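The values are calculated or read from the model by the stated rules, or taken from the named source; none is laboratory data. The shown structure was predicted, so the numbers you read here are calculated from the model rather than taken from an experiment. Reconstructed Cβ throughout: ideal geometry from the backbone, glycine too, with neighbour counts over all protein chains shown. Quick note on the areas: whole protein, heavy atoms, side chains included, nothing else; ligands and nucleic acids left out. Shrake-Rupley method; radii C 1.70, N 1.55, O 1.52, S 1.80 Å.
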Amino acid sequence: MSLFDTHQEDTDDEEENNVNEQEQTDSADVAFVAKLKSSRTLASILKTIDFADDAIFCALTTGVKIIVEDKQCVQGNAFIDTRVFDSYELVRQVRFRFHLETVLNCLNIFGVPLDPVTHEPLPTNVAVQIHYRENQTHPLQLYLEEDGVITECLIKVLDDTDTIDFDFQTENIVSKVVFKASGFKEALSEIDLKADCIELFITQDVPHFRLIANGCGGSTSVDITQDSPVMDTFLCTEPVHNRYKTQFFQYILRALSIASKLSLRIDAAGILCAQFLIYTEKDKPSLVEYFFGPDEEVHEHEQNTQSSDIVLVQD
């Protein structure tokens with residue numbers, strides 16, 4: 001028995017008709033069914049936006065979008081294209097709220113085996129099927145299969161809520177910088193991510209891109225020049241100098257760990273959009289993006305009386 005063959009096993013002739021009738025009733029209000037041969041693909045993408053209790057699930061004609069928000073000032077979106085799924089059937093678009101940690105626990109219900117030497121996750125053969133009916137009195141159903149053993153998880157569906165509209169318009173972008181994700185992660189490791197806030201400078205002049213972490217003990221900085229190997233694209237139509245909560249940069253570390261590219265875009269209002277290009281086991285791209293609102297605009301550089309460690313990233 002397999003999720004990719006049939007999910008219903010006949011038990012005896014006496015019950016077969018009842019089972020078939022129930023399946024017809026169930027399929028009448030099915031809104032969305034999708035299957036993946038690797039549950040880790042879904043779990044790893046959802047983990048990149050695991051910073052709040054609840055999330056919004058949207059099944060669209062182009063794929064699945066998961067939205068997570070915190071304190072009405074940061075939003076994380078994960079978009080999984082239909083091509084990433086092994087099977088994708090959408091009768092009608094759906095949207096509901098669910099508990100994110102519960103879904104992640106279900107996706108990892110069989111555990112994550114680790115290499116005894118490197119402690120890196122090993123490949124698994126856990127398939128997953130997502131099943132949702134239009135009637136929201138029914139739970140979200142996840143079927144997970146490993147070596148022919150199928151486990152059904154029923155997850156309570158919560159009432160939908162409105163999400164933040166950051167009104168991020170492409171025509172209002174004043175700066176766009178594309179990095180190799182591993183290089184930007186290394187740059188973040190050079191500054192104090194326990195500081196209260198991080199100032200972002202982007203200018204047409206050297207050093208082009210600067211992050212300053214300001215904390216009680218002083219400040220730490222990192223510079224990345226336009227000709228640095230970690231920077232792929234640099235566009236700046238006007239200088240950028242904004243301050244953001246350090247917590248926002250802590251959120252994106254998981255996405256940086258599995259992404260290949262990071263695109264940072266800032267609009268005239270100081271909204272920061274961080275987009276991550278992530279490739280799954282099927283070599284199909286998925287997109288994770290964050291929207292951050294500025295903590296406050298900084299018009300003049302505030303000199304800190306403590307010493308500042310400047311690190312110029314070259315590779």
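Just one of the numbered conditions (1) assigned to a loop (DSSP other than H, G, I, E, B); (2) more than 23 Å from Ile278 (Cβ to Cβ); (3) not assigned by the TED database to the domain that holds Asp50 is not true of Thr137: (3). The criterion of at least 2 residues that are open to solvent by less than 10 Å² (accessible area, probe 1.4 Å) is met, among strands (runs of 3 or more DSSP E) falling completely within segment 47-99, by 54-59, 63-70, 74-81, 94-99. Scanning segment 265-283 for residues that are more than 15 Å from the chain's Cα centre (by Cα) and surrounded by fewer than 18 Cβ atoms within 10 Å (Cβ to Cβ) gives Ala268, Ala269, Glu281, Lys282, Asp283. The set of residues in segment 234-255 that are hydroxyl-bearing (Ser, Thr, Tyr) and within 18 Å of Glu186 (Cβ to Cβ) comprises Thr246, Tyr251.
The set of residues in segment 287-302 being open to solvent by less than 40 Å² (accessible area, probe 1.4 Å) and modelled with pLDDT of 95 or more consists of Val288, Glu289, Tyr290, Phe291.
Once segment 169-214 is narrowed to residues that are within 24 Å of the chain's Cα centre (by Cα) and basic (Lys, Arg), the residue that is nearest to Leu277 (Cα to Cα) is Lys180.
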